[in-house]
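What follows is a single structure, written as structure tokens, with notes after it.
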Ligand code: SF4
Ligand code: SF4
């Protein structure tokens, strides 16, 4: 069962991919067809089952685009 829920704000995401690179659980991927409001490919929370709510993606995102909530 998923331990975390991630929300990515497409108005803030600039598609840099840092969150994808640093997520050890492979819960995030870069979208192939989902664009930010600025026309860039954005990160997706694509594998929620593996997320452990560690919060590393929040720390690594330079654009404050990610929120993580613990699932209880
Ligand atoms: S909270 Fe941790 S496990 Fe979940 S998506 Fe972010 S970096 Fe990955
Ligand atoms: S680190 Fe932030 S800005 Fe970069 S792809 Fe992830 S959510 Fe988007």
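Here, each number is a calculation from the coordinates, and none is a lab measurement. Being a predicted model, the structure only gives us computed values, none of them experimental. Every residue, glycine among them, receives a Cβ derived from its backbone with ideal geometry; neighbour counts consider all protein chains shown.
Summary of computed values
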read-out	value
The chain, helix-only ellipticity at 222 nm - DSSP H runs n ≥ 4, -39,500 (n - 2.57), divided by all residues, nearest 500	-2500 deg cm²/dmol
Volume per residue that the Cα convex hull of the range 4-70 spans, once the total is divided by residue count, Å³	66
Estimated distance in nm for a label pair at residue 41 and residue 59, the labels positioned 7 Å out from Cα along Cα-to-Cβ	2.8
Extension gain (nm, one decimal) between residue 9 and residue 50, 0.36 nm per residue minus Cα-Cα	12.7 nm
Förster-model FRET efficiency, 22 Å R0, residue 69 and residue 29, C-beta, rounded to 0.05	0.65
